[in-house]
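Q: Have a look at the structure that comes next, please.
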Amino acid sequence: MSFLEIEPFRIALYVVGALAFVGANAAYLVWVERKAAGRFQRRAGPTEVGPAGLLQPVADAIKLMSKQIIVPPGSDALLFRIAPVMVMAPALMCFATIPFSDSIVARNIDVGLLMIFAFGSINVMAVMLGGWASRNKYAIISAARVVSQNVAYEIPMLLTVITMLMVAGTLNLHEIVKQQEAGFWAWNIFRLGTNPLMPVTFVIFFTCMLAETNRAPFDMAEAESELVAGAYTEYSGMGFGVFFMGEYANIVIGCAVATVLFLGGWGSPVGFLPGVWWFLAKMYFLIFTVIWIRWTFPRTQFYGLLNLSWKILIPFSLATLVLTSIVMKIPRMF
Amino acid sequence: MGETFLEWAVFWTLAAGAVASALMVVAGRSPVTCALSLACSMIFGAGLMVQMRAYFIAAIQVLVYAGAVIVLFLFIVMLMDLKAEAMRRRGGVALLAGLAVCGPLALAGWRAMAPLSGGGGPPPAPPDEVQHIGRLLFTDYVLPLEITGVLLLVAMVGAVLLCRPGGAGDQEGRP
């Protein structure tokens with residue numbers, strides 16, 4: 001029995017690996033974001049620390065870690081300290097089921113997709129508790145917003161996921177990718193034969209993912225120009241740092257799920273390079289799109305945000321669900 | 001020894017966590033802590049279900065209860081007057097009443113479970129667990145499922161009726 005098969009060792013290895021992946025992604029996605037924002041606004045972005053500002057995230061991390069964490073008087077000290085942990089821990093759980101390639105997956109379980117959504121939904125509670133525990137009026141407004149926003153967007157998101165489930169017939173992420181392996185025309189986003197509205201389903205999923213991860217133009221929970229920093233207003237040092245890492249971890253998870261569900265996972269459109277590189281390329285392209293959208297569109301109004309979900313996304317996702325079931329049922333009737 | 005010991009350790013950690021957080025739900029001072037403990041209890045329970053290899057039920061429990069129901073609980077609790085709630089003292093009478101209700105319930109639960117213990121755990125869930133549950137829900141259990149749906153709809157309509165301006169629950173708009 002090789003030491004890789006010993007269960008506690010595997011779990012420890014997974015936790016270290018997932019933490020390193022999340023940490024590296026959070027640090028360098030901030031760098032990419034600042035560089036991209038610079039380009040979008042015709043300036044250079046970070047340039048001072050290291051070549052092209054590449055060491056800026058390291059400097060930022062050291063700064064955040066050396067800062068004192070202040071628990072404001074009058075706040076709920078226990079909840080205030082727990083909230084950042086509650087953002088980070090479920091995000092780590094989600095990575096366990098994401099298949100990065102045919103062989104790189106921590107746990108290939110049958111309800112993988114459901115598990116990601118289950119642990120992804122805890123994020124709301126953490127941001128809300130953080131905002132509430134701060135006893136700060138901006139933070140409490142943000143907490144109230146984050147709940148109504150997430151409740152509104154969870155519905156169309158899960159409706160699109162149900163549509164995808166009917167197409168795939170399994171909750172196992174590995175299986176879902178296997179079904180799309182034939183080539184790029186077999187990717188779910190292009191399978192117009194099963195559902196002529198498939199690209200629309202993808203757009204609905206992607207929009208909901210942006211809202212669920214509180215990214216601009218839907219970042220009502222943070223809204224710097226209205227709410228200081230929303231739920232994170234009272235957090236300093238690594239308290240804020242962990243929230244920030246959790247936010248980027250959720251973006252990575254959301255884009256990874258979109259890649260698996262719609263873009264054929266590790267499947268390669270042309271044939272060369274091992275699958276894991278294709279997976280990462282698709283995932284980082286989606287992440288770049290998220291950044292791109294943030295620096296292109298202004299923040300929506302809160303009512304506009306809720307109207308978009310209840311009046312447009314939910315009816316459309318219901319329509320795609322019904323349409324898919326009809327399209328799938330018709331051939332079986334004859 | 002290795003595998004069994006690990007299972008044993010995980011079981012007792014999860015069970016102790018579930019019981020401790022369930023106790024916190026009733027003993028906690030701040031209603032927010034209580035609601036959070038309820039979520040913790042649900043998550044520990046989900047862990048126990050994973051140990052029984054009922055992955056679907058575990059994921060649904062976390063998704064529906066910890067992710068949606070408790071979030072709405074917390075949302076409502078945030079709107080309450082927490083100072084008054086936290087100051088309220090629970091006397092010996094409340095403790096006695098609680099014990100009087102919980103004691104027989106615990107006894108009944110123990111009596112119901114006793115014949116099942118020692119059987120080496122529940123049978124493993126079938127490999128196509130999700131399809132299995134789906135088929136059962138839409139064949140044998142379709143009536144209970146529909147009744148639950150109608151109940152939720154009635155509750156929702158009732159809530160809308162109470163909260164609309166001029167409704168029974170609207171203090172300002174009342175003549």
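Q: Take A:GLN149 and tell me if it is in contact with a helix residue (DSSP H, G or I) (Cβ under 8 Å, 6 or more places away or on another chain), within 23 Å of B:ASP128 (Cα to Cα) and more than 8 Å from chain B (Cβ to nearest Cβ).
A: No.
Q: Please find, among A:LEU280, A:LEU263, the residue that is in contact (Cβ under 8 Å) with a residue 24 or more places away in the chain, closer than 22 Å to A:LYS178 by Cβ and surrounded by fewer than 22 Cβ atoms within 10 Å (Cβ to Cβ).
A: Only one candidate passes the filter, namely A:LEU280.
Q: Which numbered condition in (1) part of a helix (DSSP H, G or I); (2) within 11 Å of chain A (Cβ to nearest Cβ) is the only one that B:GLY45 fails?
A: Among (1) part of a helix (DSSP H, G or I); (2) within 11 Å of chain A (Cβ to nearest Cβ), the lone unmet condition for B:GLY45 is (2).
Q: Where residues in the stretch A:233-275 are at pLDDT 80 or above and of a type in the set (Phe, Trp, Tyr), which of them is nearest to A:SER103 (Cα to Cα)?
A: A:TRP266
Q: If A:ALA89 passes every condition in (1) under 20 Å from A:ALA27 (Cβ atoms); (2) crowded, with 17+ Cβ neighbours inside 10 Å but one, which one does it miss?
A: If we test A:ALA89 against (1) under 20 Å from A:ALA27 (Cβ atoms); (2) crowded, with 17+ Cβ neighbours inside 10 Å, just (2) comes out false.
Q: Moving on to the next point. Considering every residue within the stretch A:10-25, establish whether at least one is among the aliphatic types (A, V, I, L, M), exposed (fewer than 11 other Cβ atoms within 10 Å of the Cβ), over 27 Å from A:PRO90 (Cα atoms) and over 18 Å from the mean Cα position of the chain (by Cα).
A: Among the residues of the stretch A:10-25, not one is among the aliphatic types (A, V, I, L, M), exposed (fewer than 11 other Cβ atoms within 10 Å of the Cβ), over 27 Å from A:PRO90 (Cα atoms) and over 18 Å from the mean Cα position of the chain (by Cα), which makes the answer no.
Q: Let me ask something additional. Being out of contact with any Pro (no Cβ under 7 Å at 6 or more places or on another chain), of a type outside the set (Ser, Thr, Tyr) and part of a loop (DSSP other than H, G, I, E, B): is that true of A:PRO46 here?
A: In short, yes.
Q: Can you go through A:ARG43, A:ARG107 and tell me which one is within 14 Å of chain B (Cβ to nearest Cβ), surrounded by fewer than 17 Cβ atoms within 10 Å (Cβ to Cβ) and out of contact with any Gly (no Cβ under 9 Å at 6 or more places or on another chain)?
A: A:ARG107
Q: Also, I was wondering about something else. Among B:MET80, B:MET113, which is within 28 Å of B:SER37 (Cα to Cα), surrounded by 10 or more Cβ atoms within 10 Å (Cβ to Cβ), at pLDDT below 80 and not polar (S, T, N, Q)?
A: Every option except B:MET80 fails the conditions.
Q: Of the residues in the stretch B:1-40, how many are within 14 Å of chain A (Cβ to nearest Cβ), closer than 19 Å to A:MET93 by Cβ and under 12 Å from the mean Cα position of the chain (by Cα)?
A: Within the stretch B:1-40, residues that are within 14 Å of chain A (Cβ to nearest Cβ), closer than 19 Å to A:MET93 by Cβ and under 12 Å from the mean Cα position of the chain (by Cα) number 4.
Q: Continuing with the same structure: Exactly one of these conditions fails for A:PRO196: (1) in contact with a Phe, Trp or Tyr (Cβ under 8 Å, 6 or more places away or on another chain); (2) surrounded by fewer than 16 Cβ atoms within 10 Å (Cβ to Cβ). Give me its number.
A: Evaluating A:PRO196 over (1) in contact with a Phe, Trp or Tyr (Cβ under 8 Å, 6 or more places away or on another chain); (2) surrounded by fewer than 16 Cβ atoms within 10 Å (Cβ to Cβ) leaves (1) as the failure.
Q: OK, next. How many of the residues in the stretch A:79-101 are in contact with a Pro (Cβ under 9 Å, 6 or more places away or on another chain) and either part of a loop (DSSP other than H, G, I, E, B) or among the hydroxyl-bearing types (Ser, Thr, Tyr) (or both)?
A: Residues that pass the stated criteria total 1.
Q: Taking the condition of being in contact with a helix residue (DSSP H, G or I) (Cβ under 6 Å, 6 or more places away or on another chain) and among the hydroxyl-bearing types (Ser, Thr, Tyr), how many residues in the stretch A:126-142 meet it?
A: 2
Q: Right, another one. Just checking, does the stretch A:55-77 include any residue being at pLDDT below 80 and more than 14 Å from chain B (Cβ to nearest Cβ)?
A: no
Q: Let me ask something else about it. Within the stretch A:221-260, restricting attention to residues that are part of a loop (DSSP other than H, G, I, E, B) and under 18 Å from the mean Cα position of the chain (by Cα), which residue is surrounded by the most Cβ atoms within 10 Å (Cβ to Cβ)?
A: Of everything passing the filter in the stretch A:221-260, A:ALA221 is surrounded by the most Cβ atoms within 10 Å (Cβ to Cβ).
Q: Mind listing whichever residues of the stretch A:266-286 are touching a helix residue (DSSP H, G or I) at 6+ places or on another chain (Cβ under 6 Å) and under 22 Å from A:ASN25 (Cα atoms)?
A: Listed by number, the residues that qualify are A:TRP266, A:LYS282, A:MET283, A:LEU286.
Q: Please note which helices (runs of 4 or more DSSP H) are completely contained in the stretch A:113-220 and include at least 3 residues that are under 29 Å from B:GLN131 (Cβ atoms).
A: The helices (runs of 4 or more DSSP H) meeting that bar are A:137-168, A:173-179, A:198-212.
The values are calculated or read from the model by the stated rules, or taken from the named source; none is laboratory data. As the structure is a prediction and not an experimental result, all values here were calculated from the model. Quick reminder, even Gly has a Cβ in these numbers, built from the backbone with ideal geometry, and neighbours come from all protein chains shown.
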